[in-house]
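Data first, discussion second: the structure below is written as structure tokens.
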Amino acid sequence: MADSKALSIGVLASVFASGVYYLDGSWDAQLLLVLGLTWGIAGWVVTRNRSALKNPNTVPQILFVLLVMGLPQFGIHSDLSLGTLRSPLILFVMGVAVAGIGLGAEVSTSPAEEQSTTVASAD
């Protein structure tokens with residue numbers, strides 16, 4: 001059975017990212033769709049694996065923030081001649097980073113852990 005909370009957060013992330021790009025004024029339908037799909041998957045897998053991503057170690061948390069927020073902002077800087085594609089490209093790179101982190105957490109969870117959390121005990 002699908003986790004309705006994770007699915008709804010994925011849909012909200014998709015609508016939010018697509019809405020930000022749409023309200024920017026210069027939109028391309030294919031980029032709008034891919035941006036929404038990327039953030040939808042990112043929101044879904046990160047919410048689905050939120051317990052695997054709760055790590056008291058601060059180094060992975062700092063790297064997560066740098067990967068998602070810092071690198072796209074500094075890597076896709078305003079001096080590049082991208083015109084109106086700078087903000088959707090930053091959103092796209094951030095979405096791919098979040099989706100990659102979430103998919104990595106999805107792959108790293110073992111099937112035994114997943115089954116133990118979904119199956120109720122008979123006691």
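Rule-based calculations on the coordinates, nothing more; no lab input. Every value quoted in this text rests on a predicted model; they were computed, and no experiment measured them. Using ideal geometry, Cβ is built from the backbone for each residue, glycine included, and neighbour counts are taken over all protein chains shown.
By how many nm would the segment from residue 78 to residue 23 lengthen if fully extended, with 0.36 nm per residue of separation less the alpha-carbon distance?
Residue separation times 0.36 nm, minus the Cα-Cα distance, leaves 17.8 nm.
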On each of the three principal axes of the Cα atoms of the range 1-115, give max minus min coordinate, whole Å, ordered largest first.
49, 33, 16
Only loop residues by DSSP count here, and only those with at most 12 other Cβ atoms within 10 Å; note down the trypsin sites (Lys or Arg not before Pro) in the range 37-89 that meet that.
54
